[in-house]
Amino acid sequence: MPYANSGPAGQAGSIGVGPLTAFAETWGFLHHSTDMWMSGNASPEAIRARAAHRLNTLVAHARRHSKFYRDVYHGLGPGRVPLEQLPVVTKSKLMASFDDWVTRPELKLGPLLEFTQDPARIGRPYMGQYAVWTSSGTTGTPGVFIQDPQALAVYEALFAVRTGVDARAMLRAISGGGRFAFTAAIDGHFSGITMWSRMCLLNPWMSRHTRAFSVLQSVQHVSEQLAGFAPEILTSYASELVALAEQQHEGRLALHLKGIWSGGETLSRRDRADIAGAFGCPVVDDYGASEFLNIAFDCGCGALHLNRDWVILEAVDREGRPVPDGTASSTVLLTNLANFIQPIIRYDLGDSVTFLPEPCPCGSPLPALRVEGRCYDTICLERTDGKMEPVIPLALCTAIEERAGVYRFQVVEEAANHLMLRIDPGEATGDANAVAIRTEECIRGFCAELGAQNVFIRTDPEPPRVNPISGKLRRVCARQRPEATRPAAASVRPSQSA
């Protein structure tokens, strides 16, 4: 429950959440949790019907209260319109019309950006009721996302109810006071750290048993901090977990974990096996995004299940046509059925997913899928002490975004400790050379923080190269190594990019 120890006004009021807002979210959490539990045995047809009803309500609300959607849907005619006839939207298009996009007149982009520039406000409510987080610029445009108490209640209920056996065991351990470590990008208003900080602020007991560690540090430094904290539950990105598993396997880390939660990047079967083998505990996967936190959950039988009653995910090819089950999509169109203040309808998320044609052994009526995500590589640099240091792709991208202010770029490993940088021309609003120098210095400084001070970086005048088939941008590219020494690649989703 989101406000378990808050009291009527107590702790909730201490961080600026009013009692009515706290009540609305708590009531919503209980209501949606009960509904999700009861729908566990519903038929796929009943679940689709429920989603269709919510979609019609959302579209009608957007047409009435969002100038952006009113303009985009002009000419569609009154009444219900089939989902596939609604125009596709993108992050860049929505952010360019932010003040017209949102359905509450008090929400303006300028003040929201000012709010998210203050790290002291991470997890704290905006205007006493809204949760605010930002997404990375994986697609070249960073996003700002707002959630009201009802949307938050849906996310929290999905997290609490829609989990597999291993995930439920981890939740019991956390709620029982087990030490919980969160290792991610924690210095910005990203969704992961925002929700983590928010829960700690609203439930003070959690602060005594949880710690957050930045992935912008070296793996060795993170390992030392984790060893000192000795968590029972650990959550992080797949690439960071792979690096920590190597530390554990080689005896440089000795954690005794009861469970691991992986999110933000696609977890391959090989990586899951390596991580589970190193730590000797279950590994639970998760699929979410800044646009919808709980897209799909790990049932424990080897599949992810789409929360179809609250999020619609259309697997399409490059022309926007539906692809059959068993076929990897070029992208997916996401519709968030919980957020009415910032409607997200047929939003091009950019991930590649494959809906599985066969029913899952767990018996869930929710569709099973496999996520390919976006492929980034883990680069390895030689430190000044001669040891090899893995560079977590999301950490490198976060450093460039936060410190250099560049979002559409490509870092390519050409040789040992030699990196090539490509920057999209659209990032250079003024002097392109100055932007390149600033970004090179950012990368060089980040590598030095990891212990690799002898890194050569050059800027290629060519723009970043996208995949000629999928059209997707791969922002971090490692050179090919022999299989025995090649670090595991991670597929990164904008979701949990932080």
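So which helices of the chain fit the span-like rule, where a helix is a whole DSSP H run, its Cα atoms reach 27 Å or more along the axis, and its mean Kyte-Doolittle is at least -1.0?
Span-like helices in the chain: 19-38, 44-65.
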Calculated over the chain: convex hull of Cα atoms, volume per residue (Å³): 146
Carbon/sulfur fraction of accessible area - the chain, other protein chains in place, 1.4 Å, %: 55
Rough spin-label spacing in nm, given labels placed 7 Å along Cα→Cβ, for Arg321 and Ala49: 3.2
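Can you give the % of DSSP beta bridges in region 111-247 that are antiparallel, to the nearest 5?
35
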Net length gained if the chain between Lys108 and Phe23 were fully extended (0.36 nm per residue, minus Cα distance): 28.0 nm
Cα-based Rg / Dmax (Å) for region 190-320: 16.2, 51
Net charge of neighbours whose Cβ lies under 9 Å from the Cβ of Arg308, counting Lys and Arg as +1 and Asp and Glu as -1: +1
Extreme residue, positive dipole direction of the chain, given options Leu304, Ile47, Leu112 (C-beta unit charges): Ile47
Cα-centre dipole for the chain with unit charges at Cβ (Lys and Arg positive, Asp and Glu negative), debye to 20: 800
C-alpha center-to-center spacing [region 329-396, region 125-189] in angstrom: 16
Descending semi-axes in whole angstrom, ellipsoid equivalent of region 267-366, from the Cα gyration tensor: 25, 16, 14
Under DSSP loop assignment and at most 12 Cβ neighbours within 10 Å, longest GluC sites (Glu not before Pro)-free interval of the chain: 320-482
Estimated distance in nm for a label pair at Met38 and Ala276, the labels positioned 7 Å out from Cα along Cα-to-Cβ: 3.5
Heavy-atom accessible area per residue - the chain, 1.4 Å, Å²: 41
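Restricting attention to region 166-258, which trypsin sites (Lys or Arg not before Pro) occupy a DSSP loop and are surrounded by at most 11 other Cβ atoms within 10 Å?
Passing sites in region 166-258 are Arg208.
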Neighbour cut-off at most 13 other Cβ (10 Å), DSSP loop, trypsin sites (Lys or Arg not before Pro), region 282-358: Arg318
Under 28 Å from the Cα of Lys108 - lysines, other chains or at least 8 residues apart: Lys67, Lys91, Lys93
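The values are calculated or read from the model by the stated rules, or taken from the named source; none is laboratory data. Keep in mind it's a predicted model, so treat the numbers as computed, not measured. Cβ sites come from the backbone with ideal geometry, for glycine too, and all protein chains shown count toward neighbours. The accessibility values were calculated without ligands, DNA or RNA, using every heavy atom of the protein model including side chains. Shrake-Rupley method; radii C 1.70, N 1.55, O 1.52, S 1.80 Å.
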